[in-house]
Amino acid sequence: MTYIKEAWYPVVWADRIGREPTRHVVLEEPIVLYRLQDGTIAALQDACPHRLAPLSLGKVKGDTIECGYHGMTFDCSGKCVLIPGQEIIPARAAVRAYPLQVRYGLVWLYMGNPKNADPDRIFHIAQYDDPAWHAVQGDTLRIECNYLSLCDNLLDPAHVTFVHATTLGTPAGASVPVNNDYRDDEICVWRWIRNAPPIGVFARFGGLTGMVDRWHYYNFTAPCYFRIDMGSCPTGSIPDMERRSEGTQMYTCHVLTPVDGRTVLQHWFHVRNFRTDETEMDADLNASLDMAFREDKVILERIQLEEERAPDAKRIVLGIDAAPMKMRRMVDRLIEAEQPAARQAAAS
Ligand code: FES
Ligand SMILES: [Fe+2]
């Protein structure tokens, strides 16, 4: 399987990385992470160039990592600094080091040419650092499905009525059509459901009891970043759709690690504009969101198994599939655009 390589991918919550080396797989590449003495994190290819033993089975010594098989030792730039019993270190004795950033509490790695690793291209949500909003770290869900199936799901407001009937949806939304906005590098699918009961999560945590106008905006940027804006206001109280922040609003952000062709990590967190100083509520709200995302996991994993059982099965396309299809074309186009440089790098 091919992936967009020239991009930043989230890997793991930074607070889970300590001095002990840990193994992670991103785009089918094994990577070892460990914390250096100054508190920053190193990311190296997790395969020793001698016999390919995973360095994550070795030991961190100072800022270096020692292979657990014959003791070749690498610094945090991936250069070999010691071969036990041998004085000459061959120039090719090195492992790849990955450009790394920590943002939103997550470790991000650049998987393409390190020269292109511009941190400004990491997923962005302006409200995260805005004092009028409250940002809460979420969790990581491991889903045994292709990452593009999860991307389809995260661009699909129509499933909410059925999959999340008690958490993020209500029956009122079933017949409301969705709208699509396309830009070169961004897809947004949205709909407003007018004069309807609030969804479970907003009734419970947002204090909305009467009838509301509510919205969902699902926003995608490559390679697999999602910002889902959901909110509500008392019916008729926000006539201008661009003034949503005057209502009760929450962004759930989902950034994905494609592990391989049938496994994806869904890292998520939320940013909200209501009850911003009530941190004691964070865990309960996150638990409701987690429950909802697990409802997707059940369906996506069953779809993956069915796709593997019957790879040639025919499917029909519905109107609600327009944005997911556009997303897949965008991903294909970006992969295609990377190929000449990738071929050149492989040849050199
Ligand atoms: S496999 Fe790592 S030193 Fe031999
Ligand atoms: Fe969902």
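The values are calculated or read from the model by the stated rules, or taken from the named source; none is laboratory data. Fair warning: this is a prediction, and the values are worked out from it, not measured in the lab. As a convention, Cβ positions derive from the backbone with ideal geometry for all residues, glycine included, and neighbour counts pool all protein chains shown. Areas reflect the complete protein model, heavy atoms only, side chains present, ligands, DNA and RNA absent. Shrake-Rupley method; radii C 1.70, N 1.55, O 1.52, S 1.80 Å.
Here are some residues: I199, I143. Which one is in contact with a Lys or Arg (Cβ under 8 Å, 6 or more places away or on another chain), more than 30 Å from Y3 (Cα to Cα), open to solvent by less than 10 Å² (accessible area, probe 1.4 Å) and within 15 Å of ligand 2 (Cβ to nearest atom)?
Result of the check over I199, I143: I199.
Filtering the stretch 304-321 down to residues that are surrounded by 15 or more Cβ atoms within 10 Å (Cβ to Cβ) and at pLDDT 95 or above, which residue is nearest to ligand 2 (Cβ to nearest atom)?
Of everything passing the filter in the stretch 304-321, Q304 is nearest to ligand 2 (Cβ to nearest atom).
Under 8 Å by Cβ, and 6 or more places apart or on different chains, what pairs join a residue from the stretch 278-299 that is under 11 Å from D139 (Cβ atoms) and free of Cβ contacts under 8 Å to residues at least 40 places away in the same chain with one that is of a type outside the set (A, V, I, L, M, F, W, C) and within 16 Å of ligand 1 (Cβ to nearest atom)?
Short answer, once both residue conditions are applied: none.
Go through the residues of the stretch 129-147 one by one and say whether even a single one is in a helix (DSSP H, G or I) and either at pLDDT below 95 or among the hydrophobic types (A, V, I, L, M, F, W, C) (or both).
The answer is no; no qualifying residue exists.
Among the residues of the stretch 12-53, which ones are of a type in the set (K, R), more than 13 Å from ligand 1 (Cβ to nearest atom) and farther than 17 Å from L265 by Cα?
Within the stretch 12-53, R19, R35 meet the criteria.
Residues in the stretch 326-334: is at least one assigned by TED's automatic domain parsing to the domain that holds R183, open to solvent by 20 Å² or more (accessible area, probe 1.4 Å) and assigned to a loop (DSSP other than H, G, I, E, B)?
no
Identify all residues within the stretch 72-88 that are in a loop (DSSP other than H, G, I, E, B), loosely packed, with under 15 Cβ neighbours inside 10 Å and within 13 Å of ligand 1 (Cβ to nearest atom); write none if there are none.
Selection gives P84, G85.
Inspect the stretch 268-283 for any residue being more than 16 Å from ligand 1 (Cβ to nearest atom), within 19 Å of M1 (Cβ to Cβ), in a helix (DSSP H, G or I) and touching a strand residue (DSSP E or B) at 6+ places or on another chain (Cβ under 6 Å) and give the result as yes or no.
No, the stretch 268-283 has no match at all.
Applying the selection to the stretch 40-53, what residues are open to solvent by 30 Å² or more (accessible area, probe 1.4 Å) and within 24 Å of the chain's Cα centre (by Cα)?
Those that are open to solvent by 30 Å² or more (accessible area, probe 1.4 Å) and within 24 Å of the chain's Cα centre (by Cα): T40, Q45.
Looking for something away from ligand 2 (no atom under 12 Å from the Cβ), more than 30 Å from W13 (Cα to Cα) and open to solvent by 20 Å² or more (accessible area, probe 1.4 Å) - is there at least one such residue anywhere in the stretch 157-172?
yes
Within the bounds of the stretch 224-236, is there any residue that is of a type in the set (D, E, K, R), more than 26 Å from Y9 (Cβ to Cβ), assigned by TED's automatic domain parsing to the domain that holds W190 and open to solvent by 50 Å² or more (accessible area, probe 1.4 Å)?
no
Going through the stretch 54-65 one residue at a time, which ones are open to solvent by 20 Å² or more (accessible area, probe 1.4 Å) and either within 10 Å of ligand 1 (Cβ to nearest atom) or not small (G, A, S) (or both)?
P54, L57, K59, V60, K61, D63, T64
If a residue has to be surrounded by 15 or more Cβ atoms within 10 Å (Cβ to Cβ) and either hydroxyl-bearing (S, T, Y) or under 18 Å from C76 (Cα atoms) (or both) to count, how many in the stretch 12-35 make the cut?
Residues meeting the conditions: 12.
Is it true that some residue in the stretch 173-183 is among the β-branched types (V, I, T) and either within 13 Å of the chain's Cα centre (by Cα) or open to solvent by less than 10 Å² (accessible area, probe 1.4 Å) (or both)?
No, because not a single residue in the stretch 173-183 is among the β-branched types (V, I, T) and either within 13 Å of the chain's Cα centre (by Cα) or open to solvent by less than 10 Å² (accessible area, probe 1.4 Å) (or both).
Among the residues of the stretch 89-101 satisfying the criterion of being in contact (Cβ under 8 Å) with a residue 12 or more places away in the chain and part of a loop (DSSP other than H, G, I, E, B), which is farthest from ligand 1 (Cβ to nearest atom)?
The qualifying residue farthest from ligand 1 (Cβ to nearest atom) is P99.
Does D184 meet the test of being among the acidic types (D, E), more than 27 Å from W13 (Cβ to Cβ) and in contact with a Gly (Cβ under 9 Å, 6 or more places away or on another chain)?
In short, no.
What number goes with the only condition from (1) of a type in the set (A, V, I, L, M); (2) open to solvent by less than 20 Å² (accessible area, probe 1.4 Å); (3) modelled with pLDDT under 95 that L300 does not pass?
All conditions are met except number (3).
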